[in-house]
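Q: Starting off with a structure, shown below.
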Amino acid sequence: SQQGEEDPQALSIQEGENATMNCSYKTSINNLQWYRQNSGRGLVHLILIRSNEREKHSGRLRVTLDTSKKSSSLLITASRAADTASYFCGNSGNTPLVFGKGTRLSVIA
Amino acid sequence: DTGVSQDPRHKITKRGQNVTFRCDPISEHNRLYWYRQTLGQGPEFLTYFQNEAQLEKSRLLSDRFSAERPKGSFSTLEIQRTEQGDSAMYLCASSFGGGRSYNEQFFGPGTRLTVL
């Protein structure tokens, strides 16, 4: 299976804290994408990082990519209750996106 | 609203019946994707189209599943002789794209299928 893994599977933090999620993948990639999914809804694209990039920022989001370790991390700073959702990484190589099982983030107000 | 839309949002059917879902992508997007998602799992790729051509199909797409995108705009996903294991959320997404470059995808709200 080409499916990657997000770690941890579940994360619970207080509002205002930072949340870090990790993603490992198995194949070579063109890019890696992070998505958020609120319960029962479709996925929302957060950020795309290309294989030749090491770090990318978007607002309160920071994504890193280590192609030698086949891993990526997503950092959400100053978390809010509205950040409560599942977060998925999707790796894009020679096939369309392969998603892991996601990290379920709960931000407690 | 110019996002991806899916119809119906919910479908309950009996085992053995056929069901058809529709997806309307963002109009400028040339690629359209179908995924299946079960509880606690990430989306699993089923198939995708570039314009009207179906370029790739997953091994998950058994011969009971068929997808079309006849005019390169909306797409339909049909499941024949449904089984209880087909119960899942079926997600559609669209994007710009060409070659082996897969860009950010815009997802619809999904169709939740329950097979009794």
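Read-outs throughout are calculated quantities, based only on the coordinates presented, and are distinct from any laboratory measurement. On a predicted model such as this, the values are computed, not experimentally measured, just so you know. Every residue, glycine among them, receives a Cβ derived from its backbone with ideal geometry; neighbour counts consider all protein chains shown.
Q: Per-residue mean of other chain beta-carbon atoms within 10 angstrom of the beta-carbon, peptide A:34-42?
A: Numbers: counts 0, 6, 0, 6, 0, 0, 5, 6, 16.
That works out to 4 on average.
Q: Pick out, in residue order, every one of the GluC sites (Glu not before Pro) in the range B:1-93 that is DSSP loop and has at most 14 other C-beta atoms within 10 Å; say none if there are none.
A: Of the GluC sites (Glu not before Pro), the ones in loops of the range B:1-93 whose Cβ has at most 14 other Cβ atoms within 10 Å are B:Glu28, B:Glu52, B:Glu83.
Q: Just to confirm the filter: which trypsin sites (Lys or Arg not before Pro) across the range B:32-65 are DSSP coil and have at most 13 other Cβ within 10 angstrom of their Cβ? Kindly include the intermediate steps, with their values, before the conclusion.
A: Values: sites: B:Arg36, B:Lys57, B:Arg59, B:Arg64; in loops: B:Arg59, B:Arg64.
Within the range B:32-65, the qualifying trypsin sites (Lys or Arg not before Pro) (loop, at most 13 other Cβ atoms within 10 Å) are B:Arg59, B:Arg64.
Q: Take the cross-link list A:Lys26/B:Lys14; A:Lys26/B:Lys11; A:Lys26/A:Lys56; A:Lys69/B:Lys57; A:Lys101/B:Lys57 and give me the ones stretching past 31 Å between alpha-carbons. Walk me through the numbers on the way to the answer.
A: Details: A:Lys26/B:Lys14 38 Å; A:Lys26/B:Lys11 35 Å; A:Lys26/A:Lys56 21 Å; A:Lys69/B:Lys57 29 Å; A:Lys101/B:Lys57 21 Å.
Beyond 31 Å between Cα atoms: A:Lys26/B:Lys14; A:Lys26/B:Lys11.
Q: While we're here: Would you mind giving the mean number of other chain beta-carbons within 10 Å of the Cβ of each residue in B:39-49, as a whole number? Intermediate values should be presented prior to the final figure.
A: Numbers: counts 0, 5, 6, 17, 10, 3, 7, 1, 1, 3, 0.
Counting other chains' Cβ atoms within 10 Å and averaging over B:39-49 gives 5.
Q: Computed from the mean reciprocal separation of all distinct C-alpha pairs, what Kirkwood hydrodynamic radius does the range A:1-51 have, in Å?
A: 13.1
Q: I'd like the isolated cysteines in the protein assembly as shown, meaning no second cysteine's beta-carbon lies under 4.7 angstrom from theirs.
A: none
Q: Follow-up question, since we're still on this one. Going by Cα centres, the range B:65-99 and the range A:41-73 are how many Å apart?
A: 27
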